[in-house]
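Beneath this line is the structure, given in structure tokens, with notes to follow.
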Amino acid sequence: MDNTNQSNLIDTKENKNQSEQIVINYLSKINNPFKTLSVQEVSKDLHIGINQAYDLFKQSDFPTITIGKRKMVTLASYLLWKMHKKEVN
């Protein structure tokens with residue numbers, strides 16, 4: 001194998017958090033990575049019902065922010081959570 005081609009390969013042993021790097025790279029390209037998503041927006045994104053989305057926001061592993069009675073999640077933490085769930089399944 002040519003040595004110049006080896007530099008383009010990704011060593012997954014050294015990049016254990018590759019999915020997080022992908023998300024961080026994506027977030028650096030958008031204007032506001034700390035934008036918050038509502039229960040309704042997460043429901044639409046995951047194609048689940050509103051009641052299932054509220055149940056999701058109650059789970060301990062979901063990065064929920066509660067301000068007053070409103071439950072929200074930041075875009076950055078939501079994308080990291082979603083990538084982690086895809087890796088686990």
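The values are calculated or read from the model by the stated rules, or taken from the named source; none is laboratory data. Note that the structure is a prediction, hence the values are computed from the model and not measured. We place every Cβ from the backbone using ideal geometry, glycine too, and count neighbours over all the protein chains shown.
Of everything in region 16-74, what is of a type in the set (D, E, K, R) and either touching a His at 6+ places or on another chain (Cβ under 7 Å) or closer than 16 Å to H84 by Cβ (or both)? Give them in sequence order. Please lay out each step first, then the result.
Of region 16-74, the ones of a type in the set (D, E, K, R) are 16, 20, 29, 35, 41, 44-45, 55, 58, 61, 69-71.
Within region 16-74, K16, E20, D45, D61 meet the criteria.
Show the residue pairs meeting these rules: Cβ distance below 9 Å; 6+ apart or different chains; first residue within region 31-54 and in contact (Cβ under 8 Å) with a residue 40 or more places away in the chain; second residue among the acidic types (D, E).
Once the first residue is in contact (Cβ under 8 Å) with a residue 40 or more places away in the chain and sits in region 31-54, its partners that are among the acidic types (D, E) give L37/D45.
Against the condition surrounded by 10 or more Cβ atoms within 10 Å (Cβ to Cβ), of a type in the set (S, T, N, Q), modelled with pLDDT under 95 and in contact with a helix residue (DSSP H, G or I) (Cβ under 7 Å, 6 or more places away or on another chain), how does S19 come out, does it pass?
yes
Between V73, V42, which is touching a Ser or Thr at 6+ places or on another chain (Cβ under 9 Å) and either buried (at least 16 other Cβ atoms within 10 Å of the Cβ) or within 20 Å of Q21 (Cβ to Cβ) (or both)? Steps first, please.
On the way: V42 fails: touching a Ser or Thr at 6+ places or on another chain (Cβ under 9 Å).
Going through V73, V42 in turn, just one is touching a Ser or Thr at 6+ places or on another chain (Cβ under 9 Å) and either buried (at least 16 other Cβ atoms within 10 Å of the Cβ) or within 20 Å of Q21 (Cβ to Cβ) (or both): V73.
Of (1) farther than 28 Å from N25 by Cβ; (2) under 14 Å from the mean Cα position of the chain (by Cα), L80 satisfies all except one. Which?
Tallying (1) farther than 28 Å from N25 by Cβ; (2) under 14 Å from the mean Cα position of the chain (by Cα), L80 fails exactly one: (1).
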